[in-house]
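Worksheet for the structure shown next.
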Amino acid sequence: MPPHHPPTPPPHLSKREEEVLQLIVEARSPKQIAFRLGLSPHTVARYKATLYLKLGVHNTAELMLWGFRKRIRRQTVAGRQEEERVA
């Protein structure tokens with residue numbers, strides 16, 4: 001029988017990292033995320049890189065899968081669709 005390892009606690013994410021992750025799970029592009037959060041695309045890329053390190057993933061697909069597994073779900077809010085068309 002293999003030794004029992006205690007579960008790894010979930011990593012601490014800042015509020016902004018959680019926001020970026022939520023939008024990634026919603027399949028938003030970096031440009032859309034930057035527009036929505038009032039950030040530069042470069043800053044969004046830095047947040048993604050930090051999320052990769054904290055969550056132990058290597059690409060956006062793995063990041064989305066991590067989000068789905070942790071029950072981060074799409075949230076529909078009235079008015080978002082119009083805003084996204086502008087981005």
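Counting only residues that are touching a residue at least 40 places away in the same chain (Cβ under 8 Å), loosely packed, with under 13 Cβ neighbours inside 10 Å and more than 23 Å from H12 (Cβ to Cβ), the range 30-69 holds 1 of them. Listed by first and then second residue, the pairs linking a residue in the range 11-26 that is without any contact (Cβ under 8 Å) to a residue 60 or more places away in the chain and of a type in the set (K, R) to a residue that is surrounded by fewer than 17 Cβ atoms within 10 Å (Cβ to Cβ) and not in a loop (DSSP other than H, G, I, E, B), with Cβ atoms under 8 Å apart and 6 or more places separating them unless they lie on different chains, are R16/L37.
Screening the range 70-82 for residues that are over 20 Å from K15 (Cβ atoms) and either polar (S, T, N, Q) or surrounded by 10 or more Cβ atoms within 10 Å (Cβ to Cβ) (or both) and picking the one that is modelled with the highest pLDDT gives T76.
Scanning the range 14-29 for residues that are surrounded by 14 or more Cβ atoms within 10 Å (Cβ to Cβ) and outside any helix (DSSP H, G or I) gives E26, R28, S29.
The values are calculated or read from the model by the stated rules, or taken from the named source; none is laboratory data. Not measured: the values here are computed from a predicted model. Neighbour counts are summed over all protein chains in view; Cβ atoms, including those assigned to glycine, are modelled from backbone coordinates with ideal geometry.
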